[in-house]
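S.K.: This is the structure I have questions about; it appears just below.
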Amino acid sequence: MAPLVELVGVGKGYGSATAVHPLSLRIGEGEFVSILGPSGCGKTTLLRMIGGFVTPDEGSILIDGRDVTRKPPEKRATNMVFQGYGLFPHMTVAQNVAYGLRIARVARTERARRVAEALDLIRLADLGDRAVSALSGGQRQRVALARALVMRPRVLLLDEPLSALDLKLRLAMQEEFRRIHAQVGGTFIFVTHDQAEAMSLASRICVMEAGRIVQDGTPEDIYRRPASRFVAGFIGEANLFEGVGSDERVRLSCGTVIPGAGAEGPIVCVVRPEAVTLAADPAALPDQCDARLFATVEDVVFLGPEVRTTLRTDSGAQALALSRTAGPLRPGDRVTMGWATADQQVIAA
Amino acid sequence: MRQALRTASFQLLPGLAILAGLFLLPLSYFFVVSFWQVRTFRLRPDATLEQYARVFTEYGSTLAWTLAIATLIATVTAAIAFAYAHYCRFRAGRFGDGLIFLSLVTLFGGYLAKIYMWKTILGGTGALNSALMALGLTSGPIPALLFSPFAVIVTLTHYCLPLAILPVYGALRGLDDTAIEAARDLGASGPRIFRDLILAQARGGLTAAFALTLVITAADYVTPLMVGGPSSNMIGLFIQSQFGNRLNSPLGSAMAFVTIACCGLIVLTLSLTLRALTRPRT
């Protein structure tokens, strides 16, 4: 199947600084893709190039098979939800939502029907006549979404739309986004610096670092099999043990040798904290924990659903374990950290 | 509630006192006087509309000419001010504020200095005529440059421009760049964005610029006197003479109030037109 959005060798620089290194990306119809990365990684520039607000220095952008590289935003089948919303303050909610349809000369009755439908979708059906200045942050965010969605774009671009909201509202809006994507279909490209947001929304995540896409996969892929030390550290929490790999084995810097295929030479062994089991007596560890490491407990925090234990390995590296129960561990205790090598990821450092 | 209302009205007091003491009281004095009469060089309290009738019968054409020329000046000034402020806000980048400051610096030049400046430029032996003759474009000086309505328009536009730029720039600065990007994203062309977003939100500033220029020019009597010549007599000159050597302040007051009312109507017309033009629709 031909992709709906295709970027071929697209790059952009500002002066001597490179915002986006030439990269290629294919996004299919109906996908919910998240572009994830820290601030300054080029993710917003990438989105703005797809939307037509930034012209790439090189490469080409195709939407639905047609080259739109030099087309301005008003001539593209994309619509954007902006980080600052960009609502029209002198218009009511309904006038904001209707604006694009008026420009497109959609007939009055059809326009009214689609505006009502969009307001219904974002659950603001009663607030059509309200001035946007009288809305709360979450409501403004939804109006911005409705204003873009009412255009029925082939591609909806979302630029950190939830960053101005507080945590509780953000979680509620994430749910709204999932519901709306399921309801209207269409392709969503969502830029965020919040990995939890990306994981909970998208079916595919492109992790960006310094202008490059460093990994592109499903949330599970990216979590379980991070392609680099950066991705491992950026997505969720991870124990990163340095060492040297050779012959299907890894010698960690504390001297312990554990099984581990993957790389030769300097490596990083990535172990997720929830994969770690702790035991004062090594013999008490379950059999599947074939990788083991000595450590000292530094702190134990009970968080309700889980217990967070911070440790220091004998080589001085900090480590973290998440478990369901606290056990009898106290700070200062000597323990063995155990995990299954199937749960670890060995990456060339 | 009652307590809050009392506090609020108490806090409004200084503002209201200034407004009443400096603006309403003197104006209402002249408003009252405009219904009086002058008999043998003395003011006689009365309640007659005679002065207002005289404004229209004796000074009707002067008033119309004044309002026409003032409207023209205000329109030209507001348009140039809008263009300049628009450039500073959207095109000049980080130099925008500096350019606005530069335009305000010209106010330091003073009113009379500007009038004499234009006399020097537009006069028979002035810079413009000399240049035209040196280039061989004209054989002699063009007398119509100075002592003509043209000279009045140029001088007053130049004088009012910085005052007009300020409110427009203030309004344009408040515009949200993201909203303009969003409008483009929704398919709006440049002219459409100008009307639906920029003009719609800056119309208050534009109306203020127009109104400011209109009232300054409609009441001005120095510029027509200095650069206007005999054909460009404006109502301000006559109002001034009624209060001065003619000793007829009731007629002068009536002329002033008719001018104020007409200016009010012109500004209201512009304001309503702009509102109708930029009214958001669903």
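S.K.: Give me the pairs, please: first residue somewhere in the stretch A:96-111 and facing another protein chain (nearest Cβ under 8 Å) and under 26 Å from residue A:133 (Cβ atoms), second residue anywhere and open to solvent by 30 Å² or more (accessible area, probe 1.4 Å) and not in a helix (DSSP H, G or I), beta-carbon distance under 7 Å, and either six or more positions apart or on two chains.
M.R.: The qualifying pairs are A:98/B:282; A:100/A:151; A:102/B:281.
S.K.: What is the one condition in (1) under 21 Å from residue B:177 (Cα atoms); (2) away from chain B (no Cβ under 13 Å); (3) open to solvent by less than 20 Å² (accessible area, probe 1.4 Å) that residue A:68 does not satisfy?
M.R.: Of the numbered conditions (1) under 21 Å from residue B:177 (Cα atoms); (2) away from chain B (no Cβ under 13 Å); (3) open to solvent by less than 20 Å² (accessible area, probe 1.4 Å), the odd one out for residue A:68 is (1).
S.K.: Of all residues being in a helix (DSSP H, G or I) and of a type in the set (D, E, K, R) in the stretch B:48-99, which is farthest from residue B:267 (Cα to Cα)? Just the residue, please.
M.R.: Result: B:94.
S.K.: Another one. Just need a number here: residues in the stretch A:73-88 that are open to solvent by 30 Å² or more (accessible area, probe 1.4 Å) and more than 7 Å from every other protein chain (Cβ to nearest Cβ).
M.R.: So the answer is 3.
Residues are listed down the side, and each one gets a yes or a no for (1) more than 10 Å from chain A (Cβ to nearest Cβ); (2) part of a helix (DSSP H, G or I); (3) at pLDDT 95 or above:
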| site | (1), (2), (3) |
| --- | --- |
| B:180 | no, yes, yes |
| B:183 | no, yes, yes |
| B:198 | yes, yes, yes |
| B:205 | yes, yes, yes |
| B:208 | yes, yes, yes |
| B:211 | yes, yes, yes |
| B:225 | yes, yes, no |
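S.K.: Taking the condition of being within 23 Å of residue A:7 (Cβ to Cβ), open to solvent by 10 Å² or more (accessible area, probe 1.4 Å) and either in contact with a Gly (Cβ under 8 Å, 6 or more places away or on another chain) or free of Cβ contacts under 8 Å to residues at least 24 places away in the same chain (or both), how many residues in the stretch A:218-233 meet it?
M.R.: Number of matching residues: 4.
S.K.: Please list, ordered by residue number, the strands (runs of 3 or more DSSP E) wholly in the stretch A:240-299 having 2 or more residues that are without any contact (Cβ under 8 Å) to a residue 12 or more places away in the chain and surrounded by fewer than 20 Cβ atoms within 10 Å (Cβ to Cβ).
M.R.: A:249-252
S.K.: Hey, another quick one. Determine whether the stretch A:115-128 contains at least one residue that is among the small types (Gly, Ala, Ser), open to solvent by less than 40 Å² (accessible area, probe 1.4 Å), in contact with a helix residue (DSSP H, G or I) (Cβ under 8 Å, 6 or more places away or on another chain) and within 11 Å of chain B (Cβ to nearest Cβ).
M.R.: Looking through the stretch A:115-128, at least one residue is among the small types (Gly, Ala, Ser), open to solvent by less than 40 Å² (accessible area, probe 1.4 Å), in contact with a helix residue (DSSP H, G or I) (Cβ under 8 Å, 6 or more places away or on another chain) and within 11 Å of chain B (Cβ to nearest Cβ).
S.K.: Residues A:182, A:198: which one is crowded, with 20+ Cβ neighbours inside 10 Å, more than 24 Å from residue A:17 (Cα to Cα) and of a type in the set (Gly, Ala, Ser)?
M.R.: Selected residue: A:198, the only one of A:182, A:198 that is crowded, with 20+ Cβ neighbours inside 10 Å, more than 24 Å from residue A:17 (Cα to Cα) and of a type in the set (Gly, Ala, Ser).
The values are calculated or read from the model by the stated rules, or taken from the named source; none is laboratory data. Bear in mind the structure is a predicted one, so any value in this text is a computation, not a measurement. Note: ideal-geometry Cβ built from the backbone for every residue, glycine included; neighbour counts use all protein chains shown. The accessibility values were calculated without ligands, DNA or RNA, using every heavy atom of the protein model including side chains. Shrake-Rupley method; radii C 1.70, N 1.55, O 1.52, S 1.80 Å.
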